[in-house]
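Everything below concerns the one structure shown next.
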Amino acid sequence: MGYFSALDISASALTAQRLRMDVISQNIANANTTRTEKGTPYRRRLVIFEEKDQGVPFSNYLTDRSRELYLGKGVKVSKIVEDPTPFKRVYDPGHPDADAEGYVEMPNVDIITEMVNMISATRAYEANVTAINSTKSLAMKALEIGR
């Protein structure tokens, strides 16, 4: 694996984690949205990651050269899905979206869970920035050896 492969892997992770942070921010922003375009409360969204270039046949890994071709392709966002957990029911008879019993269906967003996910995404982002900086530093040291 070369320098550029390491940079490509970390760059793909930066892009994926940035999108994850955007989705988490959207979840937090809509934590109290009781009516969307569909007429239902906001449904929490989740980001699904997968390894880039999956589906390589096992036989391709048996030779040293083919193993180098498939080693380290990075990560990508395969899709963004809605969380199927049920909505929260809160008793608020004065709310415009309350049903006949006075209950309002609230989004299935838990702020604490979202904040933990945001911290996790931030740490992963920072780790990949550190990996990029280490790769750059290693390349610079290698160039200094040649002087």
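Condition check ((1) open to solvent by less than 60 Å² (accessible area, probe 1.4 Å); (2) of a type in the set (A, V, I, L, M, F, W, C); (3) over 22 Å from Ile112 (Cβ atoms); (4) in contact with a helix residue (DSSP H, G or I) (Cβ under 9 Å, 6 or more places away or on another chain)) across all residues:
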residue: Leu7; (1), (2), (3), (4): yes, yes, yes, yes
residue: Ala16; (1), (2), (3), (4): yes, yes, yes, yes
residue: Arg20; (1), (2), (3), (4): yes, no, no, yes
residue: Ala29; (1), (2), (3), (4): no, yes, no, no
residue: Glu37; (1), (2), (3), (4): no, no, yes, no
residue: Arg44; (1), (2), (3), (4): yes, no, no, yes
Taking region 97-139 and the residues there that are in contact with a strand residue (DSSP E or B) (Cβ under 8 Å, 6 or more places away or on another chain) and among the hydrophobic types (A, V, I, L, M, F, W, C), the one that is nearest to Ala29 (Cα to Cα) would be Met106
Filtering region 24-62 down to residues that are under 21 Å from Ala13 (Cα atoms), among the basic types (Lys, Arg) and at pLDDT below 95 yields Lys52
Taking region 63-84 and keeping residues surrounded by 11 or more Cβ atoms within 10 Å (Cβ to Cβ) and at pLDDT 90 or above leaves Val75, Lys76, Val77, Ser78, Ile80, Val81, Glu82, Asp83
So, first residue without any contact (Cβ under 8 Å) to a residue 12 or more places away in the chain in region 92-111, second residue open to solvent by less than 50 Å² (accessible area, probe 1.4 Å) and not in a strand (DSSP E or B), Cβ within less than 6 Å, six or more apart or across chains; the pairs are Pro93/Gly102
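Regarding Glu144, is this residue among the acidic types (Asp, Glu) and either under 27 Å from Ile24 (Cβ atoms) or modelled with pLDDT of 95 or more (or both)? Explain how you work it out, then say what you get.
Values: among the acidic types (Asp, Glu): yes; either under 27 Å from Ile24 (Cβ atoms) or modelled with pLDDT of 95 or more (or both): no.
When the stated conditions are applied, Glu144 does not pass them.
The values are calculated or read from the model by the stated rules, or taken from the named source; none is laboratory data. The structure displayed is predicted, hence computed values, not measured ones. As a convention, Cβ positions derive from the backbone with ideal geometry for all residues, glycine included, and neighbour counts pool all protein chains shown. Quick note on the areas: whole protein, heavy atoms, side chains included, nothing else; ligands and nucleic acids left out. Shrake-Rupley method; radii C 1.70, N 1.55, O 1.52, S 1.80 Å.
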